[in-house]
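Structure, as structure tokens:
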Ligand code: NAP
């Protein structure tokens with residue numbers, strides 16, 4: 001049977017769910033081990049978070065840096081080169097019971113495998129304000145590379161104090177008149193190099209110890225209501241764009257109640273392995289990592305999952 005044909009009776013060795021660095025690395029390794037992996041890449045989220053980023057300067061092997069989408073295209077090509085079958089569809093249901101697992105995708109088609117690698121990554125965190133949701137797409141955004149261009153010569157706020165917030169703020173200086181970073185503490189969580197770069201930029205200002213109480217505006221954003229967390233004073237910041245960059249939450253909706261999660265909400269794995277509490281189900285990348293969450297650590301984790309699956313399948317066959 002050629003790669004790409006799917007019949008109800010075909011039971012693959014492994015299906016990988018998710019197409020970030022973890023998923024594609026797992027695909028490269030399992031494909032090179034002749035396991036003919038099927039990777040379900042997602043419809044709109046294919047390529048994962050790096051698709052929304054610009055220069056990646058810290059992925060080893062690219063001394064001049066590489067654009068996030070280009071890196072993901074390379075990952076995809078490398079996985080395909082060794083025979084990974086890739087479906088740009090969303091998984092709608094997973095049946096992880098028993099020895100043969102079933103994956104259902106958006107079209108209703110089902111696929112079966114002896115092992116599953118979950119590499120579903122993480123999703124942007126929201127502030128949780130009603131007006132943030134209402135004005136999403138009308139001035140509130142989670143992706144500067146996607147939407148920054150719409151805010152040419154405007155005053156913009158970025159919420160957060162991590163690397164993502166610094167990256168968004170620096171990117172937005174290409175378009176914005178001014179960028180104000182609003183952070184709830186007086187020190188950054190971002191790496192020193194990113195924090196220093198943002199603090200040295202003439203277009204970027206910082207508002208410290210401050211929480212966003214509300215997003216203001218009728219049809220589009222006109223400002224933010226802020227609260228100083230030290231003295232309790234309230235103020236308004238006039239901006240027409242708000243970029244929320246306060247971290248991510250692991251994407252576990254598909255597996256809630258099916259595999260064990262940690263108190264942080266990531267999929268629980270055994271020690272340094274990728275083994276979940278369900279036999280034949282492995283997990284890798286941001287979805288298991290509450291701490292490091294780098295492209296390179298996700299890749300390493302995808303490699304671990306591929307090697308674990310290889311051992312699992314060979315034990316089944318022996
Ligand atoms: P992060 O490191 O978890 O930082 C999130 C920031 O948002 C923190 O400053 C946090 O405040 C703040 N925050 C969280 N919840 C909030 C809320 N409800 N309201 C207001 N502020 C809130 O997340 P990240 O910046 O997305 O980075 C995630 C990982 O990706 C990190 O490991 C980071 O190094 C990596 N990353 C790396 C790069 C790069 O190297 N170029 C770029 C992007 C991301 P506190 O500081 O008070 O906790």
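Do we find that residue 203 is under 29 Å from residue 150 (Cβ atoms), away from the ligand (no atom under 16 Å from the Cβ) and surrounded by fewer than 21 Cβ atoms within 10 Å (Cβ to Cβ) in this structure?
Working: under 29 Å from residue 150 (Cβ atoms): yes; away from the ligand (no atom under 16 Å from the Cβ): yes; surrounded by fewer than 21 Cβ atoms within 10 Å (Cβ to Cβ): yes.
So residue 203 passes the test.
One residue is enough: does region 67-84 have a residue meeting the conditions touching a residue at least 12 places away in the same chain (Cβ under 8 Å), over 22 Å from the mean Cα position of the chain (by Cα) and either assigned to a loop (DSSP other than H, G, I, E, B) or buried (at least 17 other Cβ atoms within 10 Å of the Cβ) (or both)?
yes
Restricting attention to region 146-167, which residues are within 11 Å of the ligand (Cβ to nearest atom) and either in contact (Cβ under 8 Å) with a residue 60 or more places away in the chain or not in a loop (DSSP other than H, G, I, E, B) (or both)?
Within region 146-167, the first condition is being within 11 Å of the ligand (Cβ to nearest atom), and the residues that meet it are 158-167.
Residues satisfying the conditions are 158, 159, 160, 162, 163, 164, 165, 166, 167.
For residue 219, only one of the following conditions fails: (1) more than 30 Å from residue 153 (Cβ to Cβ); (2) in a loop (DSSP other than H, G, I, E, B). What is its number?
All conditions are met except number (1).
Identify the residue in region 173-200 that is in a strand (DSSP E or B), away from the ligand (no atom under 12 Å from the Cβ) and free of Cβ contacts under 8 Å to residues at least 40 places away in the same chain and, among all such residues, is nearest to residue 127 (Cα to Cα).
Here is the first cut: in region 173-200, the ones in a strand (DSSP E or B) are 178-182.
Checking the rest, the ones that are also away from the ligand (no atom under 12 Å from the Cβ) come to 178-180.
If we keep only those that are free of Cβ contacts under 8 Å to residues at least 40 places away in the same chain as well, we get 178-179.
On the way: 178: 22, 179: 19 Å.
By that ranking, first place goes to 179.
Does residue 170 satisfy the criteria of being modelled with pLDDT of 95 or more, within 15 Å of the ligand (Cβ to nearest atom) and touching a strand residue (DSSP E or B) at 6+ places or on another chain (Cβ under 8 Å)?
Working: modelled with pLDDT of 95 or more: yes; within 15 Å of the ligand (Cβ to nearest atom): yes; touching a strand residue (DSSP E or B) at 6+ places or on another chain (Cβ under 8 Å): yes.
Taking the combined requirement at face value, the residue satisfies it.
Would you confirm whether any residue within region 282-294 is at pLDDT 95 or above, farther than 30 Å from residue 65 by Cβ, in contact with a helix residue (DSSP H, G or I) (Cβ under 9 Å, 6 or more places away or on another chain) and surrounded by 15 or more Cβ atoms within 10 Å (Cβ to Cβ)?
In the first step, residues of region 282-294 are kept if they are at pLDDT 95 or above; the result is 282-289.
Right, trim to farther than 30 Å from residue 65 by Cβ and you get 282.
Then keep just the ones that are in contact with a helix residue (DSSP H, G or I) (Cβ under 9 Å, 6 or more places away or on another chain); that gives 282.
Applying the additional criterion that residues be surrounded by 15 or more Cβ atoms within 10 Å (Cβ to Cβ) yields 282.
The answer is yes, given that some residue of region 282-294 is at pLDDT 95 or above, farther than 30 Å from residue 65 by Cβ, in contact with a helix residue (DSSP H, G or I) (Cβ under 9 Å, 6 or more places away or on another chain) and surrounded by 15 or more Cβ atoms within 10 Å (Cβ to Cβ).
Per-residue answers, yes or no, for (1) modelled with pLDDT of 95 or more; (2) outside the structural domain of residue 49 (by TED's automatic domain parsing); (3) within 24 Å of the chain's Cα centre (by Cα); (4) farther than 30 Å from residue 281 by Cα:
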{"site": "191", "(1), (2), (3), (4)": "yes, yes, yes, yes"}
{"site": "199", "(1), (2), (3), (4)": "yes, yes, no, yes"}
{"site": "204", "(1), (2), (3), (4)": "yes, yes, no, yes"}
{"site": "222", "(1), (2), (3), (4)": "yes, yes, no, yes"}
{"site": "231", "(1), (2), (3), (4)": "yes, yes, no, yes"}
{"site": "240", "(1), (2), (3), (4)": "yes, yes, no, yes"}
{"site": "258", "(1), (2), (3), (4)": "yes, no, yes, no"}
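The values are calculated or read from the model by the stated rules, or taken from the named source; none is laboratory data. For clarity, every value in this text was computed on a predicted model and none was experimentally measured. Ideal geometry is used to build each Cβ from the backbone, glycine not excepted, and the neighbour counts take in all protein chains shown.
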